[in-house]
């Protein structure tokens, strides 16, 4: 039999509207209308032949697999026979199905050594032959089964492979999708496999097993599963990108103002959506700073909408929005409130808060849920001039299966500054939909601003924190203190 049987061998004993071919461990049933059905084989098929209501597949060392044809387009495995040799071909003759079997035999070429050595060799050969005959009568080892995913969970997937299929706890399972590909000839088709993930069995029963997956790994129901020697695909430092997921984050960083009576906060909020394509859209309110202190109230905030090119290993984006300006960035500012006598630092109001258009830059090197270094810059277009607005940066490092250490902070002309060291925890889910993160941190935060003051305050040589520009007078106010932060991120 030629090697052509590796691809196609169809011997028809009676007219049939279905054509059968084998390709590795797949049986392809092609109907008259061209519709192709794929059936998994318990072996790597070498040849196939249909006879009466049965279908026979040559399985090499594993004998012959026999299928019933109650439904011609969906053959069902009925039995597997070991024929004591390597089955390489099949044919029908005299009303019966015959198998072509390749066997290995040994013949004596010449006798060497003394008679005792010859006798010993003969005895050894006889024992080996007897062992081979005994082994030939034993059934061949059961081939590795190909199962499928029947349920998806937040901590992994459930397959229909259990101890009955030779699966044990701790084994690695390869999860993959199959795609039929048409080749040059319209009568030929091939199956292409796409590995989605490789996980580890953590719970197993006779007929099922649960396979644990890594952070942000997702496998659809219906995907194929088989025992594998490949290494698990989960990664803590470079996990897959969480695609097609919404995210809402709020961080609260309250502090007590040292040396003054009052409190403040340097918080932020963000809503984002990572598309299936490498696109990340986010609306960021950062900072959300408010200070209520007897030396002067301060309101510091900025909001931007950012569109990014987002991949597993890096992100770059650009956006625009608005920003509060608490400081006199422009020497040409003519703020009518600053000229009003009696407008001092202690007013109970948010004084001299101006607004300008902001431009935002976002850059990240590393995985969002792995190790990464991230920075966000802002620039403020204020009174027809472009000014540097500020920078916020973050360094994140995984330290466990579901925890990260992070250091972040920054500041800007909108009137804020903070720095913190925190621990981020995954409380629920695997990083995709229905996941909840929480972060606790310690650090320091503060707010600062230039508040209008009576002109007379700037006329004194020993004025404390007062300064003038033209006919206007301002007082520089800043306060801060130790901060305790908490952040929550929900991915619905």
Checklist entry - Does any residue of the stretch 176-187 turn out to be more than 29 Å from residue 19 (Cα to Cα), in contact (Cβ under 8 Å) with a residue 60 or more places away in the chain and either in contact with a helix residue (DSSP H, G or I) (Cβ under 8 Å, 6 or more places away or on another chain) or surrounded by 12 or more Cβ atoms within 10 Å (Cβ to Cβ) (or both)? => result no
Next on the checklist: When you scan the stretch 248-259, do you find a residue that is surrounded by fewer than 17 Cβ atoms within 10 Å (Cβ to Cβ), within 19 Å of the chain's Cα centre (by Cα), at pLDDT 95 or above and not in a strand (DSSP E or B), even just one?
Outcome noted: no
Checklist entry - Restricting the search to the stretch 297-321, which residues are closer than 25 Å to residue 237 by Cα and assigned to a strand (DSSP E or B)? => result 307, 308, 309, 310, 314, 315, 316, 317
Checklist entry - If you go through the stretch 402-411 one residue at a time, do you hit one that is farther than 14 Å from residue 489 by Cα and touching a helix residue (DSSP H, G or I) at 6+ places or on another chain (Cβ under 6 Å)? => result no
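Among the residues of the stretch 294-311, how many are more than 30 Å from residue 264 (Cα to Cα) and either buried (at least 19 other Cβ atoms within 10 Å of the Cβ) or in contact with a helix residue (DSSP H, G or I) (Cβ under 9 Å, 6 or more places away or on another chain) (or both)?
Total meeting the criteria: 2.
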Checklist outcome for this item: Taking the stretch 63-85 and keeping only residues that are surrounded by 23 or more Cβ atoms within 10 Å (Cβ to Cβ) and either modelled with pLDDT under 85 or assigned to a loop (DSSP other than H, G, I, E, B) (or both), one is left with 63, 75
Checklist entry - Which residues, taken from the stretch 470-487, are part of a strand (DSSP E or B) and either exposed (fewer than 14 other Cβ atoms within 10 Å of the Cβ) or not assigned by TED's automatic domain parsing to the domain that holds residue 257 (or both)? => result 482
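Based on what the data block shows, is residue 314 at pLDDT 85 or above and farther than 24 Å from residue 269 by Cβ?
Numbers: at pLDDT 85 or above: yes; farther than 24 Å from residue 269 by Cβ: yes.
Here the answer is yes, as residue 314 does meet what is asked.
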Checklist entry - Within the bounds of the stretch 20-42, is there any residue that is in a loop (DSSP other than H, G, I, E, B), without any contact (Cβ under 8 Å) to a residue 12 or more places away in the chain and farther than 25 Å from residue 180 by Cβ? => result no
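In the stretch 229-247, how many residues are in a loop (DSSP other than H, G, I, E, B) and in contact with a strand residue (DSSP E or B) (Cβ under 8 Å, 6 or more places away or on another chain)? Steps first, answer last, please.
Of the stretch 229-247, the ones in a loop (DSSP other than H, G, I, E, B) are 229-244.
Within this subset, residues satisfying the condition of being in contact with a strand residue (DSSP E or B) (Cβ under 8 Å, 6 or more places away or on another chain) are 229-234, 236-238, 241-244.
The number of residues fulfilling the criteria is 13.
The values are calculated or read from the model by the stated rules, or taken from the named source; none is laboratory data. Predicted model, so just to flag it, every value in this text is computed and none were measured. Cβ coordinates were reconstructed from backbone atoms using ideal geometry, including for glycine residues, and neighbour counts include every protein chain displayed.
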